[in-house]
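Down below is the structure, laid out as structure tokens.
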Amino acid sequence: MTGPERFEAYDDHEGYGDAGHGGYDGPGHGGGYDDSGHEKEQHGAPDDEGRPKVTEPDGPGNADGSDGPGSGGGGDPGRGREPGHPPRIPLPRSSVEDGGRPLPSLEELGDLAPRPAPPALEHHVLKALLGAWALAACSLEETAAVEDHLGTCGTCADEALRLREAVGLLHPPESLDLDPGLRTRVLTVSFDRRPPRIPVPEWAGPYDAETARLDALLQDIGDAEWHAPVRLRWFEADKETTRRTTVAGVIAHLLTVDGLVALALGLDDPLGDIPSAAPAPAERTEAYWAASHFPPTRSVRGPWREQSHDLVRTVSFTGSNSGSLPVSYGACELPLRDAMLDRAFECWVHAEDIAEAVDYPYEPPAPRHLHGMIDLAARMLPGVLATRRRDDRRHLVPVGETGRSLRLEIEGLGGGEWLIPLDSPGLGSAEREVAHVALDGVEFCRLAAGHVSPQEAAAGQVGDREAIRDVLFAAASLSRM
């Protein structure tokens, strides 16, 4: 079918046609076909130059200015545009400077505008606002007024400085280190939910905790810090004694003295075949230092950590009944439960020495562990007083003056009260109390470690000055290397 007949068949069906035309207006044509099959053009009114104006073809156009799906895609941006309408493809935008418009002023920019003048407030109003200003609770206008006033009024400036310092005390800086009691609390909660099959005896808990804390400190320090100088301090013959070593040397000292507990439990001696003059802690340490590479290196951490694990594991398997097993320190002997507490105390003290050498923050033990350490020192004081009295004939007690006691009050962490017999162990009584001494818990432990002199230790003293002096010096003589 050709000619007019082929298009008459599709007269009522717009949008269909043969392959040559695609059923839509041909490219470049402004219209379709009439009933006779001839092309029809859609003309509008002539333009200003007398030429006929081509109107927009039927159907939508594309958003980019090209012909729509019914136009064949001519793509001429000016085609079909009436005067006064924007082009189908917009022209580039001109800059603000090229448009001839005035630039915005600072007042129109908001935040860049100059600050308004502070409101005029009376002196007593500004003084009343100092507290709120120190807490950063003033409005912008009030802040501007106060700060403008502080530049001219010295009295208010001093008061504002004092208030700002007080605000700093309300929000002290917090340490980023973990709470020393966090490990104990986590273990307690864990064991409450699932008790261990072989629990660690309560009297071995402080040693387990303090060795774990020291091992965490050692893990954080670098290779060079293992050779940082450390000064060990203790009292001997009522005089302060010191010994210089390194961080690694301190761990070697702990290794050798912990070996006394290991020997009592049947474990290997860390000294091995190294001969020692006596089983006393100082002699063992000197023998180890002399026979090994001196100064020791960080390699000593492995044997010390392994030995501490073996001690805790062994006392756990032997049970709480092993607490009475004797542990020899050469000149004295302690039951295993007190020896483990003594080793925990020395581990904490020397951990503080290491932390001071490497400039590392270190907190005191958990309060209940610290209380056990203080209790051990308080229980040892009567025997030390008796030994000192025997060695020094000037401290003989006059006839009829037996049974005196001193009340030792420990404040703060791990605090409590202890009645210390002055004349003979076990013979003190509250009726014969002749003196009262008050000390901070951590300060008392540092006195017993030989890190604080007896003259500097007592925070409060009441009663017999001679008895107070004897107890303080006896506490300092508990220390050793």
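Considering every alpha-carbon pair of the range 116-170, the percent of pairs per 5 Å bin, from zero through the bin containing the longest distance, is 4, 22, 33, 25, 12, 4, 1.
Fully extending the segment from residue 359 to residue 123, taken as 0.36 nm per residue of separation minus the present Cα-Cα distance, adds 80.1 nm.
Would you mind counting up the charge near residue 405? Only other residues with Cβ under 11 Å from its Cβ, with Lys and Arg at +1 and Asp and Glu at -1. Mind dumping the intermediate values first?
Values: positive: 404, 407, 432; negative: 423, 431, 433, 464.
With Lys, Arg at +1 and Asp, Glu at -1, the net is -1.
At q = 0.09, 0.18, 0.19, 0.20 Å⁻¹ the log10 of I(q)/I(0) for the range 199-363 amounts to -0.28, -1.18, -1.31, -1.43, computed by Debye summation with a single uniform scatterer per C-alpha, solvent ignored.
May I ask you to compute the full-extension gain from residue 141 to residue 321, defined as 0.36 nm times their residue separation minus their alpha-carbon distance, rounded to one decimal in nm?
Values: separation 180, 0.36 × 180 = 64.80 nm, distance 7.39 nm.
Length gained, residue 141 through residue 321: 57.4 nm.
If you take all other residues with their beta carbon under 11 Å from the beta carbon of residue 341, and give Lys and Arg +1 and Asp and Glu -1, the sum is -3.
Note down the net charge around residue 270, summing +1 for each Lys or Arg and -1 for each Asp or Glu among other residues with Cβ under 11 Å from its Cβ. Here the count lands on -4.
Between residue 274 and residue 455, how many nm apart are label points set 7 Å from Cα along the C-beta direction? Here the answer is 3.7 nm between the modelled labels.
We did not get these values from a lab; they are worked out from the coordinates using the rules stated. As the structure is a computational prediction, the values presented were derived from the model and not from experiment. With ideal geometry, Cβ positions are generated from the backbone for all residues, glycine too; neighbour counts draw on all protein chains shown.
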